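Comments concern the structure below.
The values are calculated or read from the model by the stated rules, or taken from the named source; none is laboratory data. Just so we're clear, the structure is a prediction, and the values are computed from it rather than from any experiment. Every residue, glycine as well, gets a Cβ built from its backbone with ideal geometry; the counts of neighbours run over all protein chains shown.
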Amino acid sequence: MKRKIVAEDICALSFVGDAQVAADGRVAYVLTEVDRAKNGYSSAIWTVCPESEPKRLTYGQKADGGLVREGSPRWRPGGGLSFVSNRQGKPQVFLLEASEGEARQLTTALEGVAEYVWSPDGRYLAYVSKDPQDEEALKDRNPDVRHITHLRYKFNGVGFTDTRRRHLYVLDVANNSVRRLTEGNFDVAEVAWSPDGTCLAFSACISPACELHFIPDIWVINVDGSNLRRLTQGRGSANAPVFSPDGSLIAYFGHEKGEVGYANTDLWVVPSNGGQAINLTEALDRSVGCSVGGDARMDGGSSRAAWTADGQHLVVTFTDGGACHLYRVSLNKEITQLTAGEFSITSFSHAVVEGQDTLAYIAGCMSNPGDVYLWQAGNTQRLTAVNEAVMADWRLASAERFEVETTPGWRIEGWIMKPIDYAPGEKYPLVLHIHGGPHATYGYAFMHEFQLLAANGYGVLFTNPRGSKGYGEEFTKGVVGDWGGNDYVDLMCAVDYAVKLDWVDESRLGVTGGSYGGYMTNWIVTQTHRFKAAVTLRSISNMYTKYGCSDIGWYGNKAGFGGRDLWDSEDFIMERSPIRYAPRVKTPILIIHSEEDHRCPMEQAEQWYVALKRLGVTTEFVRFAGENHELSRSGKPRNRIDRLNFIVGWFQRYL
């Protein structure tokens with residue numbers, strides 16, 4: 001008999017990622033599993049092909065007994081499979097030269113390897129690594145003092161950063177010699193080899209003003225480190241370069257609208273020797289990549305564009321509404337959708353198998369966290385079923401899609417889940433769940449948190465208000481300079497739709513959300529008393545202080561508020577800050593926050609808690625030490641379980 005899920009079930013799931021297809025049709029991928037005993041995650045490299053069962057390839061162990069993380073599998077041209085492992089401490093590249101046997105360590109970078117790519121002939125390995133510490137300078141340094149001289153000095157999930165940069169190196173695998181290709185005050189990312197092996201492309205912001213305006217360009221450098229040249233013009237972010245099969249063009253993702261979050265990221269091509277860049281996907285009015293959020297996946301794979309064998313087309317993913325699919329784009333701007341359905345693809349890879357363009361990808365849906373799939377000539381085959389056995393006895397809620405008009409000319413898409421024990425004629429409480437971003441998307445992805453709420457007797461309402469990606473640039477831009485304005489209207493229109501359903505008890509409404517969703521949760525309880533309970537997660541309460549305390553506040557929030565800066569828009573910034581309206585709050589509210597969250601810093605939760613507590617609002621505060629903004633997605637397993645139980649427990653008390 002099937003059962004309702006519990007919070008602990010998040011630890012029973014396995015997570016697939018980074019599926020890499022080889023020229024012989026085999027697919028390598030990463031499988032990440034929860035280690036309850038060590039309160040963390042371990043990962044290993046597996047392979048699968050259409051005619052066989054999945055097979056584990058790596059069994060790395062750490063001398064200190066710690067958790068082994070192995071990922072980034074890549075097929076070496078000419079034979080072998082490489083991957084990155086922390087088994088020796090810092091992440092290094094290892095090579096399996098046969099399907100059995102021990103892997104050989106290739107790199108010995110002092111700070112480990114951030115990313116790598118094989119040369120077309122398999123002789124060389126280009127990799128990116130951070131500059132090592134100056135040991136002499138460290139000898140006399142006071143460990144209690146942190147001397148900061150740069151503006152972007154911290155980052156969520158990383159912590160405090162220093163001025164050391166990530167640069168490009170090339171390893172000769174035959175003799176283990178290493179050559180450094182780049183120097184300077186910039187970071188190299190997303191490296192690609194030219195087909196003839198004579199040069200490499202990468203993305204970097206090489207500008208004296210990069211601290212103030214981080215706008216990466218596409219650069220090319222000769223393999224001997226000479227002739228560094230820029231191909232794009234610094235008008236907007238340019239990333240993920242890929243050479244065409246003949247080497248004449250480089251495809252990349254980008255836009256030309258400055259450092260903003262709302263702009264569509266399009267697919268472009270530019271001549272590899274310099275020239276005019278062409279936007280191939282402007283007419284589609286969608287953004288490349290997957291913005292559909294989920295809380296039960298760990299896919300570190302890439303969705304970089306892939307050239308087809310004929311050199312006339314590229315394959316990319318686009319988020320369209322609540323789904324993300326594969327598309328083929330021709331050099332004359334013809335766009336063809338390759339996959340369709342109620343699922344989202346988070347990463348993919350390409351190879352030519354038996355003369356045909358073949359794609360391996362990771363996809364999940366509302367009832368499945370994710371599996372490995374193979375696409376060839378329009379036919380799709382599922383290669384794994386990693387969670388099928390463990391989920392076989394779970395009772396899962398399904399979601400009904402709806403659309404509703406909000407303000408004239410604006411429609412939003414949403415979904416509503418009924419409680420697991422739904423019975424016709426009964427009334428049930430409903431929880432509105434708001435996504436982060438604001439330029440993220442809810443849709444066809446597995447959300448354990450939604451399922452847990454449904455298992456505990458709640459309906460779950462989730463929707464994509466203006467600001468969400470997947471509906472065109474105008475829709476995404478609709479929230480810019482208007483946080484707490486028409487986005488609030490959109491959400492209330494979705495609630496108005498839901499409460500008309502005969503099973504929804506309008507007197508028992510709850511609201512929750514994280515990051516921007518936490519901001520909206522805080523905002524909502526200052527604007528209406530229709531919600532009887534709220535849980536605010538990694539939230540924002542004071543936009544003014546967030547400008548200076550968040551890792552992205554002074555540029556990200558400035559852009560999100562329409563370019564308004566602190567000293568010229570104090571009134572508006574505070575007008576749209578929930579803390580200004582704290583005396584209005586009547587709703588019992590639970591505040592959950594992580595102490596190492598640099599995106600929405602702890603001071604946001606502290607301000608909100610103190611204000612509400614001294615005003616006599618029913619409120620409690622849960623702090624997670626050692627966690628950051630990603631607690632709900634990749635935090636320590638025990639902390640994820642406790643977080644979920646706090647959320648459910650609060651709604652049980654007040655709904």
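The table that follows gives values for the structure above.
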read-out: Residues (surrounded by fewer than 20 Cβ atoms within 10 Å (Cβ to Cβ) and assigned to a strand (DSSP E or B)) located in the range 11-33; value: SER14, GLU33
read-out: Sole exception among (1) of a type in the set (Gly, Ala, Ser); (2) on the phi > 0 side of the Ramachandran plot; (3) at pLDDT 95 or above; (4) surrounded by fewer than 19 Cβ atoms within 10 Å (Cβ to Cβ) for GLY370, by number; value: (4)
read-out: Filter result for the condition that a residue is among the small types (Gly, Ala, Ser), in contact with a Pro (Cβ under 7 Å, 6 or more places away or on another chain) and on the phi > 0 side of the Ramachandran plot, over GLY274, GLY311, GLY321; value: GLY311
read-out: Residue satisfying all of: in the range 525-553; touching a His at 6+ places or on another chain (Cβ under 8 Å) and under 20 Å from ASP482 (Cα atoms); surrounded by the fewest Cβ atoms within 10 Å (Cβ to Cβ) among these; value: SER550
read-out: Criterion: in a strand (DSSP E or B), assigned by TED's automatic domain parsing to the domain that holds ILE221 and basic (Lys, Arg) - qualifying residue of ARG164, ARG179, ARG152; value: ARG179
read-out: Wholly enclosed helices (runs of 4 or more DSSP H) of the range 396-515 bearing at least 3 residues more than 28 Å from ARG599 (Cβ to Cβ) and either modelled with pLDDT of 95 or more or aliphatic (A, V, I, L, M) (or both); value: 486-499
read-out: Some residue of the range 551-570 being among the hydrophobic types (A, V, I, L, M, F, W, C) and more than 25 Å from the chain's Cα centre (by Cα); value: yes
read-out: Scan of the range 594-613 for residues that are hydrophobic (A, V, I, L, M, F, W, C) and surrounded by 21 or more Cβ atoms within 10 Å (Cβ to Cβ), ordered by number; value: CYS600, ALA605, TRP608, LEU612
read-out: Failed item, numbered, when GLU449 is tested on (1) charged (D, E, K, R); (2) out of contact with any Ser or Thr (no Cβ under 8 Å at 6 or more places or on another chain); (3) touching a residue at least 60 places away in the same chain (Cβ under 8 Å); value: (2)
read-out: Top-ranked residue of the range 174-190 - restricted to ones that are under 22 Å from the mean Cα position of the chain (by Cα) and crowded, with 21+ Cβ neighbours inside 10 Å, ranked as nearest to SER302 (Cα to Cα); value: GLU190
read-out: The range 590-632, residues that are in contact with a Gly (Cβ under 8 Å, 6 or more places away or on another chain) and assigned to a loop (DSSP other than H, G, I, E, B); value: GLU595, GLU596, HIS598, CYS600, GLU627, ASN628, HIS629, GLU630
read-out: Subset of the range 32-67 (residues that are among the aliphatic types (A, V, I, L, M), under 24 Å from the mean Cα position of the chain (by Cα) and under 28 Å from SER119 (Cβ atoms)); value: ALA44, ILE45
read-out: Leading residue by the ranking (farthest from PHE15 (Cα to Cα)) among those in the range 35-51 that are outside any strand (DSSP E or B) and in contact with a Lys or Arg (Cβ under 9 Å, 6 or more places away or on another chain); value: CYS49
read-out: Which numbered condition SER349 misses (of (1) modelled with pLDDT of 95 or more; (2) out of contact with any strand residue (DSSP E or B) (no Cβ under 8 Å at 6 or more places or on another chain)); value: (2)
read-out: Sole exception among (1) under 29 Å from the mean Cα position of the chain (by Cα); (2) farther than 25 Å from GLN20 by Cα for ALA114, by number; value: (2)
read-out: Extreme residue, nearest to LEU200 (Cα to Cα), among residues of the range 210-253 that are among the hydrophobic types (A, V, I, L, M, F, W, C) and in a loop (DSSP other than H, G, I, E, B); value: VAL223
read-out: Within the range 262-285, tally of residues that are of a type outside the set (S, T, N, Q) and surrounded by 18 or more Cβ atoms within 10 Å (Cβ to Cβ); value: 10
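For (1) closer than 22 Å to GLY478 by Cβ; (2) touching a helix residue (DSSP H, G or I) at 6+ places or on another chain (Cβ under 6 Å); (3) at pLDDT 95 or above; (4) of a type outside the set (S, T, N, Q), each residue gets a yes or a no:
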{"site": "SER577", "(1), (2), (3), (4)": "yes, yes, yes, no"}
{"site": "PRO588", "(1), (2), (3), (4)": "no, yes, yes, yes"}
{"site": "ILE591", "(1), (2), (3), (4)": "no, yes, yes, yes"}
{"site": "GLU606", "(1), (2), (3), (4)": "no, no, yes, yes"}
{"site": "VAL617", "(1), (2), (3), (4)": "no, no, yes, yes"}
{"site": "VAL622", "(1), (2), (3), (4)": "no, yes, yes, yes"}
